[in-house]
Amino acid sequence: MKTNDPDFAEIFQLIPQLKFFHPQDFRIDRISGFTNNNYRLRYQQYDWILRVPKPETNECINRDNESFNIQLAIELELAPESLWRSPTGLSLTPTCRQTRNFQVQDMLEPQLRQSLMLNICRLHSNAIDFHGRVDIGKLLPGYFQRLPDGCKQKLKPFVQKALTRYSLIERHDNKLVPSHNDLVLQNILVGNSQKMWIIDWEYSAMASPYWDLATLCNATKLNQQQIQQLLALYREDCDGLELDILLIYRFLLQALSICWMALFTEQDLQPELDYLNSLEF
């Protein structure tokens, strides 16, 4: 544990499953996460994930929407069930044992790639609406306007290019589906028999189907031929226009991701900008 970790004794008193324990009973390890501080808690037969939201990111997340949406994802057997969660986003979840994060090379393995796409299709085709709506044409400039002046000047050409390209396909991007909206590799778990879980549904909402697909393309650095193969798995009758829309979304969401990182993390942006520069559409 580090000096900037939260007061675990206070947090334990808030959570029914933990209130009769002391933090010193557990081995507590910090695990990865940008939006929240996440910890793995282990003691005897107990193995849990404790999520402690960062105050600065809570302003971007509607926790009521998250709670509703994740319950739907659990019913679809796409997400593991939480033990407890608070209205502020504090949560305790069982560890998905014998699982690993999805890897870039997994996209090259036909069975794993197909399994992931089946899960995405199951989510997108569900008839129940998620709570919340996101519009990339509004969200990207909204994030951009909040940037410090130095970052704003550096990112302005990319954001302008992204929004200009989006204006060319906006009228064709008129479908909303239940979406995860943060399909990075850390949020996809592969288990025994290639069972998959999707975790961290904080940004879930009704959104364009291209949002999840483009995020996945960026996370796995797919080339154009591989993106076409992904689209074919998603829907057999995809055409050239849909490929164009997905390629533009890929650029849009990489620009959005960089703006988010500039606002909420200390991470070096240059590798992400280099990747953004490399994208063709």
Looking at PRO80, PRO23, PRO94, PRO110, can you tell me which residue is in contact with a helix residue (DSSP H, G or I) (Cβ under 9 Å, 6 or more places away or on another chain) and within 26 Å of VAL190 (Cβ to Cβ)?
PRO80
Going through segment 124-138 in order, the residues found to be in contact (Cβ under 8 Å) with a residue 60 or more places away in the chain and part of a helix (DSSP H, G or I) are HIS124, ILE136
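So, restricting to helices (runs of 4 or more DSSP H) that lie completely within segment 1-75, which ones have at least 1 residues that are of a type outside the set (Ser, Thr, Tyr), free of Cβ contacts under 8 Å to residues at least 12 places away in the same chain and in contact with a Lys or Arg (Cβ under 8 Å, 6 or more places away or on another chain)?
Details: elements: 8-14, 55-58, 63-75.
Where helices (runs of 4 or more DSSP H) fall fully within segment 1-75 and carry at least 1 residues being of a type outside the set (Ser, Thr, Tyr), free of Cβ contacts under 8 Å to residues at least 12 places away in the same chain and in contact with a Lys or Arg (Cβ under 8 Å, 6 or more places away or on another chain), they are 8-14.
Does ILE128 satisfy the condition of being surrounded by fewer than 19 Cβ atoms within 10 Å (Cβ to Cβ) and at negative phi?
yes
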Here the residues within segment 236-276 that are in contact with a helix residue (DSSP H, G or I) (Cβ under 8 Å, 6 or more places away or on another chain), under 24 Å from ASN36 (Cα atoms) and assigned to a loop (DSSP other than H, G, I, E, B) are GLN267, LEU269
Is there a residue being at pLDDT below 95 and farther than 30 Å from GLN98 by Cβ anywhere in segment 187-202?
no
Going by the structure shown, is THR88 touching a residue at least 24 places away in the same chain (Cβ under 8 Å) and out of contact with any Ser or Thr (no Cβ under 9 Å at 6 or more places or on another chain)?
yes
Which one of LYS175, LYS154 is surrounded by 14 or more Cβ atoms within 10 Å (Cβ to Cβ) and assigned by TED's automatic domain parsing to the domain that holds ALA207?
LYS154
Given the conditions (1) more than 28 Å from GLU75 (Cβ to Cβ); (2) in contact with a Cys (Cβ under 6 Å, 6 or more places away or on another chain); (3) surrounded by fewer than 22 Cβ atoms within 10 Å (Cβ to Cβ); (4) in contact (Cβ under 8 Å) with a residue 40 or more places away in the chain, which single one is not true for ILE227?
(4)
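The values are calculated or read from the model by the stated rules, or taken from the named source; none is laboratory data. Please read all numbers here as calculations on a predicted model, not as lab measurements. All Cβ positions, even for glycine, are placed from backbone atoms using ideal geometry, and neighbour counts span all protein chains on display.
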